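Here is the structure we will look at, set down as structure tokens.
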Amino acid sequence: MKAKNCLIFGGSGQIGSFLIRKLTKNNLRVTVVTRNIHQRGLKIKTQANAGYIDIIESNIFEEKKIEKLFIKADFCINLIGILYEKRKGDTFKNIHTTFPTLVAKLCRKYNLEHFVHVSALGVNQAKDSKYAISKLEGEKNVLENFSKSTILRPSVVFSNSDNFSTQFMTLLNRLPVFPLYYSGKTKFMPIHCSDLTNIIYHIISEGSDTKIIECVGPEMLTFKEILEILLNLINKKRLLIPFPLPIAKLSAKFFQLFPKPLLTEDQLRLLKYDNVPSGKYKTNSDIGLPSKLYFKNEVKKYSYMWRDGGEFSSEKYNLGDLEKKS
Ligand SMILES: NC(=O)c1ccc[n+]([C@@H]2O[C@H](COP(=O)([O-])OP(=O)(O)OC[C@H]3O[C@@H](n4cnc5c(N)ncnc54)[C@H](OP(=O)(O)O)[C@@H]3O)[C@@H](O)[C@H]2O)c1
């Protein structure tokens with residue numbers, strides 16, 4: 001039987017890499033759109049066996065070029081998202097609202113079997129965040145324009161190639177003190193990237209009538225608890241200092257001057273809200289796909305690179321000791 005084709009936008013990122021492996025191992029073909037094949041081509045190509053993957057270089061708003069890809073697509077998955085606005089065109093509105101709307105319209109025009117659009121948890125609460133407003137508007141337009149769409153709203157997604165656990169371990173390694181915004185009390189339910197891509201694969205292979213699914217990991221952790229777990233894993237002691245809001249705002253104003261800001265004012269506003277299920281929508285557990293991978297157990301597998309000695313760290317092979325210390 002001819003393998004079905006999944007058209008993926010944003011396939012070169014963290015979730016994209018896991019997803020390409022999951023889909024192609026399960027006999028689905030993928031077409032991945034990237035802005036820069038020279039930069040991203042090798043990474044994307046090596047996620048799948050030859051013959052299972054096509055890579056297309058395009059600006060996502062080159063409508064004519066994009067439209068052609070829908071002709072042979074059976075499914076579409078949109079993973080494109082940004083955490084801060086960049087140059088003129090890279091606005092939250094363009095990326096999180098206008099683009100998903102265009103994709104949903106094309107899914108309808110070419111009668112695709114399903115569209116999976118990855119949004120983010122908590123976007124309906126954070127009414128003062130431009131990021132959240134644009135994601136919510138995008139969700140609404142997707143559902144209005146293509147009835148066979150499912151929106152996934154993940155909490156923070158982690159893996160060995162994330163920008164979350166790895167970036168925090170780097171910062172915790174280098175900084176003697178670390179700021180706690182909102183006293184570190186914001187709650188998260190981190191979900192492992194492979195658990196999230198299992199959910200996407202399930203929707204593609206089994207179909208789903210659920211419009212919005214909140215995707216969360218098996219445990220609830222505060223921001224402070226997450227930092228404490230990471231410190232324990234890299235065997236470092238650091239001062240975690242609550243930052244009063246005016247100072248936090250000042251630091252965000254400063255950080256957002258950098259090309260890849262560690263924190264922006266918009267992200268600071270988002271951090272105020274717990275990143276946990278709203279209770280209004282189904283979660284991955286409700287659809288029979290509970291997340292199984294715990295934050296500490298998974299990060300432990302790659303955290304030795306941030307310990308003294310890195311890959312030569314005696315602790316690398318001595319995980320028993322690590323258990324005793326925790
Ligand atoms: N990671 C998390 O913790 C998390 C949590 C909640 C929700 N999400 C959502 O999940 C989705 C995927 O997340 P991820 O962590 O895999 O993201 P990622 O690693 O940052 O990758 C996103 C991809 O989007 C593409 N992209 C970024 N800016 C673009 C632009 N201006 N125009 C066109 N393409 C652009 C990039 O592809 P090219 O460079 O190849 O063009 C990139 O590979 C996003 O929508 C994100 O908001 C993520």
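Some notes on this structure:
- Members of the stretch 1-20 found to be among the charged types (D, E, K, R) and free of Cβ contacts under 8 Å to residues at least 60 places away in the same chain, listed by number: K2
- When S161 is tested against (1) surrounded by 18 or more Cβ atoms within 10 Å (Cβ to Cβ); (2) within 13 Å of the ligand (Cβ to nearest atom), just one condition goes unmet, and that condition is (1).
- The combined condition, being out of contact with any Asp or Glu (no Cβ under 8 Å at 6 or more places or on another chain), charged (D, E, K, R) and part of a helix (DSSP H, G or I), is not fulfilled by K127.
- Single match in E67, E85, E139 (criterion: within 14 Å of the ligand (Cβ to nearest atom), out of contact with any strand residue (DSSP E or B) (no Cβ under 7 Å at 6 or more places or on another chain) and not β-branched (V, I, T)): E85
- Remark: pairs (first residue in the stretch 84-98, more than 17 Å from L263 (Cα to Cα) and modelled with pLDDT of 95 or more; second residue near the ligand (Cβ under 8 Å from one of its atoms) and assigned to a helix (DSSP H, G or I); Cβ separation under 7 Å; 6+ apart in sequence or on different chains) = H96/K135.
- Segments classed as strands (runs of 3 or more DSSP E), wholly inside the stretch 155-251, with at least 1 members that are farther than 21 Å from V118 by Cβ and in contact with a Pro (Cβ under 8 Å, 6 or more places away or on another chain): 177-180, 239-242
- Just so you know, in the stretch 16-54 the residues that are touching a helix residue (DSSP H, G or I) at 6+ places or on another chain (Cβ under 6 Å) and within 9 Å of the ligand (Cβ to nearest atom) include one that is farthest from L196 (Cα to Cα), and it is T34.
- Qualifying residue in the stretch 108-118 (condition: within 23 Å of K260 (Cα to Cα) and part of a loop (DSSP other than H, G, I, E, B)): no
- The single condition from (1) more than 23 Å from L83 (Cα to Cα); (2) more than 16 Å from the ligand (Cβ to nearest atom); (3) surrounded by 14 or more Cβ atoms within 10 Å (Cβ to Cβ); (4) not aromatic (F, W, Y) that I241 fails is (3).
The values are calculated or read from the model by the stated rules, or taken from the named source; none is laboratory data. These figures come from a predicted structure and were not determined experimentally. We place every Cβ from the backbone using ideal geometry, glycine too, and count neighbours over all the protein chains shown.
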